[in-house]
Amino acid sequence: MKTYAIRLMVAAAAVSTCFGDASDDTYEFFRDDFESAQPAQPNGDPVPLLGNGMLVGANVFDNSDVYLYNYFGFDAPNITGDGARFSNVATGEGGPDQGTQVLSVFSDYNNGGAHTAGDLVDANVYVEFVVEEADLGTTVNFVFDAKFGVFETGEIDGSSPPYDAEAEAFLKVLDPANNFQPYPNIQVVDATQFPATWTTYVLTLTIDPAWEGKILQAGFRNKTSNYAPSSMFYDNISLTSDRVVVPVTPPQILGTSWTEGEFRVDFFGKDGFEYTLWKGASIEGPYDEFVDTIDGFDSADFLSDTFASDPSGFYILSELEIPQ
């Protein structure tokens, strides 16, 4: 689903240039450099979250690597200190290309029962998407920067037979009809071999035509126990493909006006789309003041700000396809 927005700089009813999220030749499932994320917060209620759509979950095994149970599909946390689990935003770890904030991925230390018992916690931090018809036959690229964190390699205390801690980045497709088992085309890189300096990695997977409705998943995992250190650092993460992108056209603006305290934008609304007018504090935004919204019906329509006391202002008209 795409949203297109047109920016309107109203100065004596004049209109400036427009912009939007019209796509280039790369289809984008996910992208984040974590610079806009909130700093990691202490554990609390509500639980501090990354807020970018990343998910977490874990498979748990006994100390001889026999499967016990799992829990998956929770929003990725952003917790520091006591109660930290799975992930948070870290500072002071980036290089010239990573900026101020990066992603730290580690075990689920909130699962104290498993760690204390010596069970193996296979923690995952990931994004996932349903494979659609338009994805079939396309090539998916999972790109990220990574460096070795504070990770205890080697044999896990108490494992029997001896079991070495694991960490990896992965790109795979899961079959929901087969207990979410991955297809054998899984792509991985061994994170325990990451250098101490930032390096860029690319994992590539071609979507088989038989995978429609399956789950495309990309992310990071580690498997350890006994509260062993397990962090790895990641940044500049993207999941993209060469899927054909349908061109997006902006809303057709018919005109704007300001009269006696009312700003009005006339446009041609398309059936099946919702149109919303937002107001901003400056041309750079943020455009976070809701003004009005209507549904389109393949006809000329308008939205207005009836509290526009000043004949100059900054507005965005957004067009959002209504889910069917």
Item to check | chymotrypsin sites (Phe, Trp or Tyr not before Pro) lying in DSSP loop within the stretch 239-324, provided at most 13 other Cβ fall within 10 Å | outcome: Phe297, Phe307
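What stretch of the chain, leaving out the sites themselves, is the longest with no GluC sites (Glu not before Pro) in a DSSP loop having at most 16 other Cβ atoms within 10 Å?
Working: sites that count: Glu35, Glu132, Glu152, Glu212, Glu260, Glu284.
With GluC sites (Glu not before Pro) excluded where exposed in loops, the chain gives 36-131 as its longest stretch.
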Checklist entry - Taking K and R as +1 and D and E as -1, what net charge do the other residues with C-beta under 13 Å from the C-beta of Glu168 add up to? => result -1
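Excluding Val56 itself, what net charge comes from residues whose Cβ is under 12 Å from its Cβ, given Lys and Arg +1 and Asp and Glu -1?
Values: positive: Arg85, Arg221; negative: Asp75, Asp108, Asp122, Glu128.
Net local charge, Val56 excluded: -2.
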Checklist entry - Amide H to amide H under 5 Å from Ser87: which residues, 5+ apart in sequence or cross-chain, H placed 1.01 Å off N in plane? => result Ile79, Phe106
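Carbon and sulfur atoms: what percent of the 1.4 Å accessible area of the chain do they account for? Numbers along the way, then the final one.
Details: 8090 of 15820 Å².
Ligands and nucleic acids excluded, carbon and sulfur give 51 percent.
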Checklist outcome for this item: With Rg from the Cα atoms and Rh as the Kirkwood inverse mean 1/r over Cα pairs, the stretch 188-290 has an Rg/Rh of 1.17
Checklist entry - Counting pairs of alpha carbon atoms under 8 Å apart in space and at least six apart in sequence, what relative contact order in percent does the chain give? => result 23 percent
Item to check | Set of lysines with alpha-carbon distance to Lys214 below 30 Å, sequence-local pairs under 8 removed | outcome: Lys2, Lys172, Lys223
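Report the local net charge at Asp190: Lys and Arg +1, Asp and Glu -1, summed over other residues whose C-beta lies under 10 Å from its C-beta. Display every interim value, and only then the final one.
Details: positive: none; negative: Glu166, Glu168.
So the environment of Asp190 carries a net charge of -2.
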Checklist outcome for this item: Karplus ³J(HN,Hα) for the stretch 312-321 (6.51 cos²θ - 1.76 cosθ + 1.60, θ = phi - 60°; Hz, whole; x = Gly/Pro) runs 9, x, 9, 9, 10, 9, 9, 10, 10, 5
Item to check | Column: log10 I(q)/I(0), Debye, Cα scatterers of the chain, q = 0.10 Å⁻¹ | outcome: -0.72
Next on the checklist: Whole-Hz ³J(HN,Hα) for each residue in the stretch 217-229, computed from phi via Karplus 6.51 cos²θ - 1.76 cosθ + 1.60 with θ = phi - 60°, x for glycine and proline: what do you get?
Outcome noted: 9, 9, x, 9, 9, 8, 10, 7, 7, 6, 6, 5, x
Item to check | Cα-based shape type of the stretch 103-255, given that a ≥ b ≥ c are square roots of the gyration tensor eigenvalues and the cut on a/c is 1.5 | outcome: prolate
Checklist outcome for this item: Listed by chain and number, the residues whose amide H is under 5 Å from that of Lys214, excluding neighbours fewer than 5 places away on the same chain and using placed H, are Val131
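In square angstrom, what is the accessible area per residue of the chain with a 1.4 angstrom probe? Intermediate results must be reported in sequence, preceding the final value.
Details: 15820 Å² over 324 residues.
For the chain, the per-residue accessible area is 49 Å².
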Item to check | Calculated from backbone phi, Karplus (6.51, -1.76, 1.60) coupling profile of the stretch 157-173 in Hz, x at Gly/Pro | outcome: 4, x, 6, 8, x, x, 10, 7, 4, 10, 7, 7, 9, 9, 9, 7, 10
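The values are calculated or read from the model by the stated rules, or taken from the named source; none is laboratory data. Everything numeric here is computed off the predicted structure, so don't read it as measured data. Please note: Cβ atoms are built from the backbone with ideal geometry, for glycine as well, and neighbour counts cover all protein chains shown. Just so you know, the surface numbers come from the protein's heavy atoms only, side chains and all, with ligands and any DNA or RNA stripped out. Shrake-Rupley method; radii C 1.70, N 1.55, O 1.52, S 1.80 Å.
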